[in-house]
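Shown next, in structure tokens, is the structure this report addresses.
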Amino acid sequence: MRLLLVEDEGELADLVRTKLTGEGFAVDIAGSAEEAQAAMDSTGYDAVILDLRLPDGDGLEVLREVRDRRNQTPVIVVTARDSVHDRVRGLNAGADDYLVKPFALEELVARIAAVLRRPGAALGMRLEVANLAFDTTTREVVVSGQPLVVPRRELAALELLMRRAGRVVTKDALENAVYSNGEETESNAIESHLSRLRKRLREAGAGVAILGVRGVGYMFRAAVEA
Ligand code: CA
């Protein structure tokens, strides 16, 4: 799952990104209102964490523009300004939740999980294909009831493939799910992750297949009985 963190304080942004990456998210950082707008125009995020006081403007303006375009991505507003006035302004502008600085990182993680679990949002579902199950809340993968350990990047790829099971997933979409903006990626990185994932699933006895769709991407589905 991919998050956008809009925060101009570099140290705080790095700290938050490290925590969220450890929780299994891909995290992009935008350091200004302009960068935030550009990132949201080019990428579909599962949730946005939005600082209100940005060097080139008010984060609430970013939020208003996003909502004006009927973009319903969950947004958690973060600000040092702890006043009822700002809280009301944030919620009126379409924020899903509100966090006041300084906040505990665990609290932020809990709030993100909460907005992602809302109806229509990304979390709170159990994905199942054949004997393979993926709990999107706990991030646990199970094959025929047996837990399977899957490394972080393969897990991100598996989640997207399972969410779109039976449909073609482009290589670009997989790269977006697996890597943050600006992360170094080898041109064949996705193929390598998928080849390790295929082997892992096969060895665990998962009755699923990751098919290559030439020149387009991949499709995930239950394996056809021989
Ligand atoms: Ca700020």
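The values are calculated or read from the model by the stated rules, or taken from the named source; none is laboratory data. Keep in mind that this is a model prediction, so the values were computed, not measured. Here Cβ is always computed from backbone atoms with ideal geometry, including for glycine, and neighbour counts include all displayed protein chains.
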* Among (1) free of Cβ contacts under 8 Å to residues at least 60 places away in the same chain; (2) in contact with a helix residue (DSSP H, G or I) (Cβ under 9 Å, 6 or more places away or on another chain); (3) at positive phi, where does G24 come up short? -> (1)
* Asked: How many of the residues in the range 26-36 are within 16 Å of the ligand (Cβ to nearest atom) and either among the basic types (K, R) or surrounded by 15 or more Cβ atoms within 10 Å (Cβ to Cβ) (or both)?
  -> 7
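Filter the range 90-112 down to the residues that are part of a helix (DSSP H, G or I), modelled with pLDDT of 85 or more and surrounded by fewer than 16 Cβ atoms within 10 Å (Cβ to Cβ) and list them by number. Walk me through how you get there before you give the answer.
Quick first cut of the range 90-112, residues part of a helix (DSSP H, G or I) only: 90-92, 105-112.
If we keep only those that are modelled with pLDDT of 85 or more as well, we get 105-112.
Within the range 90-112, L105, E106, E107, A110 qualify.
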* Which of the residues spanning the range 38-74 are part of a helix (DSSP H, G or I) and more than 15 Å from the ligand (Cβ to nearest atom)? -> A38, A39, M40, D41, S42, R64, E65, V66, R67, D68
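Looking only at the range 15-25, count every residue that is assigned to a helix (DSSP H, G or I) and either of a type in the set (F, W, Y) or within 16 Å of the ligand (Cβ to nearest atom) (or both) and tell me the total.
Of the residues in the range 15-25, 3 are assigned to a helix (DSSP H, G or I) and either of a type in the set (F, W, Y) or within 16 Å of the ligand (Cβ to nearest atom) (or both).
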* Asked: Using beta carbons and a limit of 8 Å, which pairs, at least six apart or on different chains, have the first residue in the range 48-69 and in the same structural domain as D8 (by TED's automatic domain parsing) and the second one among the basic types (K, R) and more than 11 Å from the ligand (Cβ to nearest atom)?
  -> L60/R89
